[in-house]
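The values are calculated or read from the model by the stated rules, or taken from the named source; none is laboratory data. Here the structure is a predicted model, which is why all the values come from computation and not from measurement. Counting neighbours? That spans all protein chains shown, and the Cβs are built from the backbone with ideal geometry, glycine included. Just so you know, the surface numbers come from the protein's heavy atoms only, side chains and all, with ligands and any DNA or RNA stripped out. Shrake-Rupley method; radii C 1.70, N 1.55, O 1.52, S 1.80 Å.
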Amino acid sequence: METVLTQTGVHMKTSLGARPVIYPTPVFAVGTYDAAGKPNVMAVAWGGICCSKPPCLSIALRKATYTYGNLVERKAFTVSIATSDQVAAVDYFGIASGRDVDKFEGAGVTPVRSQLVDAPYVDEFPLVLECKVAHVAELGLHTLFVGEILDVKIDESCLDADGKPNAALLRPFMWTPGENTYYGVGENLGRGFSVGKSLMPADSSL
């Protein structure tokens, strides 16, 4: 890669070119059933919340993946979020193919059939989103599946005293595509819609 330095402000930037790189990405364990009803799970990094009403998230997959065919067939999926202790299992989900192996068995985890959608989730992972496919968009090499979230389930051990999900208790992790490395969630940097108020004008109503 040729290094191109650009000076458009005070800080010098190095051009990386047009690449699908953002830091960090989430790490989703996407659960589906194949045509024969076998549970499968895949590691997906290209995805995220995309709508609040109705609540939706999106995932982007290549047609070559086994999960792509399952999504087309079943029109449903789950997203399980693992803890930092479970990173090896999630990485395995991205290395192995459901065409060749039972990835639940290989990782030593348990598939649980969702009661809301036609898809399994990982019992041992503490956070689960159950989704029905609402929209499909062909983007190029990847296909975007938008899932409407029908329910979110979480282990009680990951709730704070007010009954809300707590990142320090959940201990999720993320992936950096350029480094091809997993990182745990770091320190608390401040509350949203609050820490930035120090920059607001003194006469602001916010």
Pairs under 9 Å by beta carbon, first residue more than 20 Å from Arg62 (Cα to Cα) in the range 144-156, partner open to solvent by less than 70 Å² (accessible area, probe 1.4 Å) and polar (S, T, N, Q), six or more apart or different chains? Leu150/Ser114; Asp151/Ser114
Which pairs have Cβ atoms under 7 Å, sit 6 or more apart or on different chains, and link a residue in the range 6-31 that is on the phi < 0 side of the Ramachandran plot and surrounded by 11 or more Cβ atoms within 10 Å (Cβ to Cβ) to one that is modelled with pLDDT under 90 and not in a loop (DSSP other than H, G, I, E, B)? Lys13/Thr6; Ser15/Val4; Ser15/Thr6
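Is it fair to say Val117 is of a type in the set (A, V, I, L, M, F, W, C), within 17 Å of Thr67 (Cα to Cα) and surrounded by 14 or more Cβ atoms within 10 Å (Cβ to Cβ)? Walk me through it before giving the result.
On the way: of a type in the set (A, V, I, L, M, F, W, C): yes; within 17 Å of Thr67 (Cα to Cα): yes; surrounded by 14 or more Cβ atoms within 10 Å (Cβ to Cβ): yes.
Here the answer is yes, as Val117 does meet what is asked.
Residues Pro165, Pro177, Pro172: which one is farther than 18 Å from Val41 by Cα and at pLDDT 95 or above?
On the way: Pro177 fails: at pLDDT 95 or above; Pro172 fails: farther than 18 Å from Val41 by Cα.
So the residue among Pro165, Pro177, Pro172 that is farther than 18 Å from Val41 by Cα and at pLDDT 95 or above is Pro165.
A quick yes/no check of all residues on (1) open to solvent by less than 60 Å² (accessible area, probe 1.4 Å); (2) among the hydrophobic types (A, V, I, L, M, F, W, C):
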position: Val152; (1), (2): no, yes
position: Cys158; (1), (2): yes, yes
position: Tyr182; (1), (2): no, no
position: Leu189; (1), (2): no, yes
position: Gly196; (1), (2): yes, no
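Can you tell me which residue among Ser97, Ser58 is open to solvent by less than 60 Å² (accessible area, probe 1.4 Å) and assigned to a loop (DSSP other than H, G, I, E, B)?
Working: Ser58 fails: assigned to a loop (DSSP other than H, G, I, E, B).
The match here is Ser97.
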Given (1) open to solvent by 10 Å² or more (accessible area, probe 1.4 Å); (2) within 22 Å of Cys158 (Cα to Cα); (3) among the polar types (S, T, N, Q), where does Ser80 come up short, assuming only one miss? (1)
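Mind checking whether some residue in the range 102-111 is among the aliphatic types (A, V, I, L, M), in contact (Cβ under 8 Å) with a residue 12 or more places away in the chain and either closer than 20 Å to Asp34 by Cβ or not in a strand (DSSP E or B) (or both)? Let's see the steps before the verdict.
In the first step, residues of the range 102-111 are kept if they are among the aliphatic types (A, V, I, L, M); the result is 107, 109.
Cutting the leftovers down to in contact (Cβ under 8 Å) with a residue 12 or more places away in the chain gives us 107, 109.
Filter once more, so that each one left must be either closer than 20 Å to Asp34 by Cβ or not in a strand (DSSP E or B) (or both): 107, 109.
Within the range 102-111 (the criterion being among the aliphatic types (A, V, I, L, M), in contact (Cβ under 8 Å) with a residue 12 or more places away in the chain and either closer than 20 Å to Asp34 by Cβ or not in a strand (DSSP E or B) (or both)), the answer is yes, since at least one residue qualifies.
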